[in-house]
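Novice: The structure under discussion is supplied below as structure tokens; questions concerning it will follow.
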Amino acid sequence: MLIDLGIAFGRVAFVMLFVLNVAALLGWVERKQSAIMQDRIGANRASIFGFRVLGLFHPLADTLKMLTKEDFRPARADRLLFDLAPAVSVFFALVAFASIPFGDTLRVAGRVVPLQAVTLNVGVLYVLAMLSLGVYGVMMAGWSSANNYALLGGQRAAALMISAEIAIGASIMGVVMIHGSLNLMDIVRGQGYLLWGWVPAWGIITQPLAFILFVTAGIAATKRIPFDMPEGESEIIGYFVEYSGMKFGMFLMTDMVETIVLAGLSTSLFLGGWQIPYLFAEGFHFPWGAGIALPPLLVTLLQVSAFVGKVAAVIFVLMLIRWTLPRFRYDQAMRLGWLGLFPLAIANIVLTGLVLAAWGNR
Amino acid sequence: MSPMNLRQRFYLVEVLTGLWLTAAHFFRNMGRHTARAFGRKGTSGAVTIQYPEERRPYSPRLRSLHRLVRREDGSPRCVACMMCETVCPAHCIYIVADEHPNPEIEKVPRRFDIDLGKCVFCGYCVEACPEDAIRMDTGILEFSSYSRGGMIYSKDMLLSFEPADASGRPRSPIPLPADRRA
Ligand code: SF4
Ligand code: SF4
């Protein structure tokens, strides 16, 4: 009983600490990566006892600053909703990672523990549901601020979320059809098979169109540039215009956490999750016959690091996109979502169905 | 603006081109930063000049903080002729003349204040001076104060400044105004 409790706690703690720490680190990554892309150096002045460590103390300094700033609330704001909105926003972003697997199973004290915070048969739907619930925080912020610009931002966020959600849902249907499961663990396991004996059946190979559609719609769901019109800092400033201090920081954190969730989800669905090509439970089996036997613990360790590495790589690409593209206009984003991504995703479902039917008949 | 062709309207190719450009910058700069971290000199991964520690070279014609030129004995070269005070379009020079102990020299300023809060850095005072006694070549640009009074520089302060070195770097310390001194 106690061991079970400990195991459950460990699973949740690992995921929670992973997401929270990476989210804090992302502020630094964002600054430094954008700086290096633009031939700059980036924030490097925050120091502790004269040590600067490449500006790694800046997230710490930022947090301290936000915690000590005045927590301002507009006089006509709805008190309850105004205080609740950032918490709702960041809560749903944080729990969304729970069903994403970060490794295969681990044997602890005679029990087989799947390496994900919560084992859910509807893991894919769970992540999507949490992501779309997160937009309620944004809408609440926009509504309760008693500010027209904030209201506009919240409204835009809702419209954007709906058009993005539809495209996300439709684009991952292809993956779900191939693996016949909504359980993310099953989907990742399914990507361990080899096509024609040597090509790993990762989603990006079996569903390339869905991958592009999913990432595009996913970026829209995170509300970051190039889909940042809920924020639109050069025109309306957006739903958090009235927020200050750590409440504002929580909205910033939400964007970071959603980026991690998006990276984790696209890794699990399209990049093989924790799979390493040709690595099986007993070790490497190369298609040309060679093999290396490895102890199970090392295999698990390799898989977890593969997952973390892939998530980091996806985050790098997402940051690259965020610091390269300009913002879409509101109507352009709507048109892209409804007339571009959605029909293409439907076409992808039909195509996948035809291919699967033909494959099955052979 | 010409209408977009099909490839541009499709957007994906253009996006990938843009990402390729920024990624190329990232990896090139990353490589240079790494090379520098391992001690290679020459290439730099950034165009940043880290300002208070590094300065870009200033032009020799730069008009920076004023200084009063000294004679060999340390007294001001200024003869209190009031030319600069007269020409100054901002009326920010205030001179009180005094007899010079040396009969060869007519006068000497007892007070010579410049209100840098009013000065427009036109350089007319330097042009007007018949004795080449006032110059704007200290290279000091960072003088600021929390009060108007702190922007008034007296004769002794103006006399203490050295001219900038050949690359325009100031040789005198940046003056701390009275209201910021501990
Ligand atoms: S630079 Fe111009 S404004 Fe300033 S003190 Fe000289 S003459 Fe006056
Ligand atoms: S013009 Fe030259 S000599 Fe005359 S008062 Fe001004 S600084 Fe002194």
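The values are calculated or read from the model by the stated rules, or taken from the named source; none is laboratory data. Because the structure is predicted, anything quoted here is derived from the model rather than measured. All Cβ positions, even for glycine, are placed from backbone atoms using ideal geometry, and neighbour counts span all protein chains on display. With ligands, DNA and RNA removed, areas are computed over all heavy atoms of the protein, side chains included. Shrake-Rupley method; radii C 1.70, N 1.55, O 1.52, S 1.80 Å.
Novice: Would you point out the residue of region B:58-70, among those that are assigned to a loop (DSSP other than H, G, I, E, B) and either within 12 Å of ligand 2 (Cβ to nearest atom) or in contact with a Ser or Thr (Cβ under 6 Å, 6 or more places away or on another chain) (or both), that is nearest to B:ILE174 (Cα to Cα)? Before you say what the answer is, go through the steps one by one.
Specialist: Kept after step one, since they are assigned to a loop (DSSP other than H, G, I, E, B), are these residues of region B:58-70: B:58-66, B:69.
Now narrow it down to the ones that are either within 12 Å of ligand 2 (Cβ to nearest atom) or in contact with a Ser or Thr (Cβ under 6 Å, 6 or more places away or on another chain) (or both): B:64-66, B:69.
Values: B:SER64: 12, B:LEU65: 10, B:HIS66: 12, B:VAL69: 18 Å.
In this case the residue turns out to be B:LEU65.
Novice: When only residues in region B:114-128 that are open to solvent by less than 60 Å² (accessible area, probe 1.4 Å) and either outside any helix (DSSP H, G or I) or outside the structural domain of B:GLY139 (by TED's automatic domain parsing) (or both) count, which is farthest from ligand 1 (Cβ to nearest atom)?
Specialist: Start the filter on region B:114-128 by keeping residues that are open to solvent by less than 60 Å² (accessible area, probe 1.4 Å), which leaves B:114-117, B:119, B:121-123, B:125-126, B:128.
Filter again for either outside any helix (DSSP H, G or I) or outside the structural domain of B:GLY139 (by TED's automatic domain parsing) (or both), leaving B:114-117, B:119, B:121-123.
Values: B:ILE114: 5, B:ASP115: 8, B:LEU116: 8, B:GLY117: 11, B:CYS119: 3, B:PHE121: 5, B:CYS122: 4, B:GLY123: 5 Å.
Step by step, filter region B:114-128, then rank; the result is B:GLY117.
Novice: Can you pull out every residue in region B:85-113 that is within 11 Å of ligand 1 (Cβ to nearest atom) and in a loop (DSSP other than H, G, I, E, B)?
Specialist: Of everything in region B:85-113, those that are within 11 Å of ligand 1 (Cβ to nearest atom) and in a loop (DSSP other than H, G, I, E, B) turn out to be B:CYS88, B:PRO89, B:ALA90, B:HIS91, B:CYS92.
Novice: Restricting attention to region B:132-149, which residues are buried (at least 19 other Cβ atoms within 10 Å of the Cβ) and under 11 Å from B:PRO175 (Cα atoms)?
Specialist: Selection gives B:ILE140 alone.
Novice: Among the listed residues A:MET250, A:MET319, A:MET256, identify the single one that is more than 14 Å from chain B (Cβ to nearest Cβ), out of contact with any Gly (no Cβ under 8 Å at 6 or more places or on another chain) and modelled with pLDDT of 90 or more.
Specialist: Working: A:MET319 fails: more than 14 Å from chain B (Cβ to nearest Cβ); A:MET256 fails: out of contact with any Gly (no Cβ under 8 Å at 6 or more places or on another chain).
None of the other options fit; the residue is A:MET250.
Novice: Give me the pairs, please: first residue somewhere in region A:235-256 and part of a helix (DSSP H, G or I), second residue anywhere and surrounded by fewer than 19 Cβ atoms within 10 Å (Cβ to Cβ), beta-carbon distance under 6 Å, and either six or more positions apart or on two chains.
Specialist: From region A:235-256, the pairs are A:GLY245/A:MET66; A:GLY245/A:LYS69; A:GLY245/A:ASP71; A:MET246/A:MET66; A:MET246/A:LEU67; A:GLY249/A:MET66.
Novice: Out of the residues in region A:24-69 meeting the condition of being within 14 Å of chain B (Cβ to nearest Cβ) and touching a residue at least 24 places away in the same chain (Cβ under 8 Å), tell me which one is farthest from B:HIS25 (Cα to Cα).
Specialist: Top of the filtered list is A:GLY55.
Novice: Could you identify the single residue in B:GLY31, B:GLY39, B:GLY18 that is outside the structural domain of B:ALA164 (by TED's automatic domain parsing), of a type in the set (Gly, Ala, Ser) and exposed (fewer than 10 other Cβ atoms within 10 Å of the Cβ)? Don't jump to the end; show me each part of the working.
Specialist: On the way: B:GLY31 fails: exposed (fewer than 10 other Cβ atoms within 10 Å of the Cβ); B:GLY18 fails: exposed (fewer than 10 other Cβ atoms within 10 Å of the Cβ).
Of the residues listed, the single one that is outside the structural domain of B:ALA164 (by TED's automatic domain parsing), of a type in the set (Gly, Ala, Ser) and exposed (fewer than 10 other Cβ atoms within 10 Å of the Cβ) is B:GLY39.
Novice: Hey, can you tell me all the residues within region B:85-103 that are more than 9 Å from ligand 2 (Cβ to nearest atom) and either open to solvent by 70 Å² or more (accessible area, probe 1.4 Å) or not assigned by TED's automatic domain parsing to the domain that holds B:ASP113 (or both)?
Specialist: B:PRO89, B:HIS91, B:TYR94, B:GLU99, B:PRO101, B:PRO103
Novice: I want to confirm something. Restricting to region B:129-159 and keeping residues that are closer than 14 Å to B:CYS92 by Cβ and within 16 Å of ligand 2 (Cβ to nearest atom), which single residue is farthest from the other protein chains (Cβ to nearest Cβ)?
Specialist: Top of the filtered list is B:ILE134.
Novice: May I pose another question? With respect to A:PHE72, determine if the residue is away from every other protein chain (no Cβ under 11 Å), more than 14 Å from A:MET250 (Cα to Cα) and either touching a residue at least 24 places away in the same chain (Cβ under 8 Å) or open to solvent by less than 60 Å² (accessible area, probe 1.4 Å) (or both). Step through it out loud before you land on a result.
Specialist: Values: away from every other protein chain (no Cβ under 11 Å): yes; more than 14 Å from A:MET250 (Cα to Cα): yes; either touching a residue at least 24 places away in the same chain (Cβ under 8 Å) or open to solvent by less than 60 Å² (accessible area, probe 1.4 Å) (or both): yes.
So A:PHE72 passes the test.
Novice: Any idea how many residues of region B:75-84 are open to solvent by less than 30 Å² (accessible area, probe 1.4 Å) and either within 12 Å of ligand 1 (Cβ to nearest atom) or within 21 Å of B:LYS118 (Cα to Cα) (or both)?
Specialist: Total satisfying the criteria: 2.
Novice: Related question: What pairs can you find where one residue is in region B:51-80 and within 30 Å of A:ARG40 (Cα to Cα) and at pLDDT below 90, the other is open to solvent by 60 Å² or more (accessible area, probe 1.4 Å) and within 16 Å of ligand 1 (Cβ to nearest atom), and their Cβ atoms are less than 9 Å apart, with a gap of 6+ or different chains?
Specialist: Going by the 9 Å Cβ cut-off, the qualifying pairs are B:TYR58/B:LEU141; B:LEU62/B:LEU141.
Novice: Does region A:9-21 include one or more residues that are in a helix (DSSP H, G or I), small (Gly, Ala, Ser) and more than 24 Å from B:SER44 (Cβ to Cβ)?
Specialist: Going through region A:9-21, the residues in a helix (DSSP H, G or I) turn out to be A:9-21.
Still in the list and also small (Gly, Ala, Ser): A:10, A:13.
Still in the list and also more than 24 Å from B:SER44 (Cβ to Cβ): A:10, A:13.
Taking every residue of region A:9-21 in turn, at least one turns out to be in a helix (DSSP H, G or I), small (Gly, Ala, Ser) and more than 24 Å from B:SER44 (Cβ to Cβ).
Novice: Could you tell me whether region A:338-353 includes any residue that is out of contact with any strand residue (DSSP E or B) (no Cβ under 7 Å at 6 or more places or on another chain), closer than 30 Å to A:GLY27 by Cβ and more than 14 Å from every other protein chain (Cβ to nearest Cβ)?
Specialist: Of the residues in region A:338-353, the ones out of contact with any strand residue (DSSP E or B) (no Cβ under 7 Å at 6 or more places or on another chain) are A:338-353.
This time we only want the ones that are closer than 30 Å to A:GLY27 by Cβ, so: A:341.
Filter once more, keeping what is more than 14 Å from every other protein chain (Cβ to nearest Cβ): none.
There is no residue in region A:338-353 that is out of contact with any strand residue (DSSP E or B) (no Cβ under 7 Å at 6 or more places or on another chain), closer than 30 Å to A:GLY27 by Cβ and more than 14 Å from every other protein chain (Cβ to nearest Cβ).
Here is a yes/no grid of residues against (1) at pLDDT 90 or above; (2) touching a Gly at 6+ places or on another chain (Cβ under 7 Å); (3) of a type outside the set (S, T, N, Q):
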position	(1), (2), (3)
A:LEU5	no, no, yes
A:ALA8	no, no, yes
A:VAL12	no, no, yes
A:MET16	no, no, yes
A:ALA24	no, no, yes
A:TRP28	yes, yes, yes
A:GLN33	yes, no, no
A:MET37	yes, no, yes
A:GLY42	no, yes, yes
